[in-house]
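A.B. asks: I'd like to ask some things about the structure below.
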Amino acid sequence: MQGATTGVSPVFKIADSAGTVKARVGIAGNAGALAAGSDANDLVIRSESGAILFTDDGGATTTLTVKSLNTTDPRVGIGTTDPKKMLHIKGAGSEMVFEKSFTNTWRIGPVSGGFVFDATDGNISSPFRAFAIQRSGQIEAKGAIVHTSDARLKTDIETIPQALDKS
């Protein structure tokens, strides 16, 4: 069993009909109590054998899933009960928003046929398209695409005689 249960404030235990504890909820009394990696006073929700599902609307829709297949493969699913990777977002409007300040916000997510990076000037509901990658491989960008040239990566460089005279 990972994570000690000593040094814990009262723990609420959830058991099946046979009395086998399947989950625990408690406040860690000290570091590592109830769950590995917990600090003192952390709220810990621990499943003994399955995923932890967060639901809304009376339990009809799972909105967040925390699932650990093993200690090296933790997964979080938003809008899915079966996350396929470390972070799996599913559903209409499955985009991520990164907000540093009201006027510095980026929205990243899929659109029909591609993936976009939108920026805002303070109104998240009306972003402008900064960059898009289409499923076909086409790249769209607002403004100039700037790239640099690195002489260290070039080989077979030759001088073209009278290059300016050629048309």
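A.B. asks: Given a Förster distance of 35 angstrom, what is the FRET efficiency for Leu43 paired with Phe115, based on the Cβ-Cβ distance and rounded to 0.05?
C.D. replies: 0.50
A.B. asks: What is the distance, in nm, between label points placed 7 Å from the Cα along the Cα-to-Cβ direction at Gln138 and at Thr20?
C.D. replies: 5.6 nm
A.B. asks: Neighbour counts of other C-beta atoms within 10 Å: give me Ser136, Ser47 arranged from fewest to most.
C.D. replies: The fewest-first ordering by Cβ neighbours comes to Ser136, Ser47.
A.B. asks: Considering only Cα-Cα distances, which of the following residue pairs are longer than 29 Å: Lys22/Lys85; Lys22/Lys100; Lys100/Lys154? All intermediate terms of the calculation are to be shown ahead of the outcome.
C.D. replies: Numbers: Lys22/Lys85 25 Å; Lys22/Lys100 40 Å; Lys100/Lys154 39 Å.
Lys22/Lys100; Lys100/Lys154, as the Cα separations exceed 29 Å there.
A.B. asks: Using a Gaussian network model on the chain with a 10 Å cutoff between Cα atoms, which of Ile157, Ile145, Ile78 fluctuates the most?
C.D. replies: Highest fluctuation of the listed residues: Ile157.
A.B. asks: Same structure again: Taking trypsin sites (Lys or Arg not before Pro) that fall in a DSSP loop and have at most 14 other Cβ atoms within 10 Å as cut points, what is the longest piece of the chain between them? Before the final figure, lay out each step's value.
C.D. replies: Working: sites that count: Lys84, Lys85, Lys90, Arg135, Lys142, Lys154, Lys166.
My reading of the result: 1-83 is the longest stretch.
A.B. asks: Running a GNM on the chain with Cα contacts under 10 Å, which residue among Asp82, Asp156, Asp16 ends up with the highest mean-square fluctuation?
C.D. replies: Of Asp82, Asp156, Asp16, the most mobile in the Gaussian network model is Asp156.
A.B. asks: Let's see if you can work this out: charge +1 on each Lys and Arg Cβ, -1 on each Asp and Glu Cβ, no other charges. What is the dipole magnitude of the chain about its Cα centre, in debye to the nearest 20?
C.D. replies: 260 debye
A.B. asks: As a test, work out the antiparallel percent of DSSP beta bridges whose residues both lie in the range 9-153, rounded to the nearest 5.
C.D. replies: On the way: 40 of 43 bridges.
For the range 9-153, the DSSP antiparallel bridge percentage is about 95.
A.B. asks: So, one more: Starting from the Cα of Leu64, step 7 Å along the direction of its Cβ; do the same at Ala36; then give the gap between the two resulting points in nm.
C.D. replies: 2.3 nm
A.B. asks: Something else about it: Provide the gained length on full extension for the span Met86 to Thr55, in nm with one decimal, where the gain is 0.36 nm per separating residue minus the Cα-Cα distance.
C.D. replies: Net length gain for the segment: 9.2 nm.
None of the figures in this text is laboratory data; all of them are computed from the coordinates on show. This structure is a prediction, so every number in the text was calculated from the model and none was measured. Note that we place each Cβ from the backbone using ideal geometry, even for glycine, and neighbour counts take in every protein chain shown.
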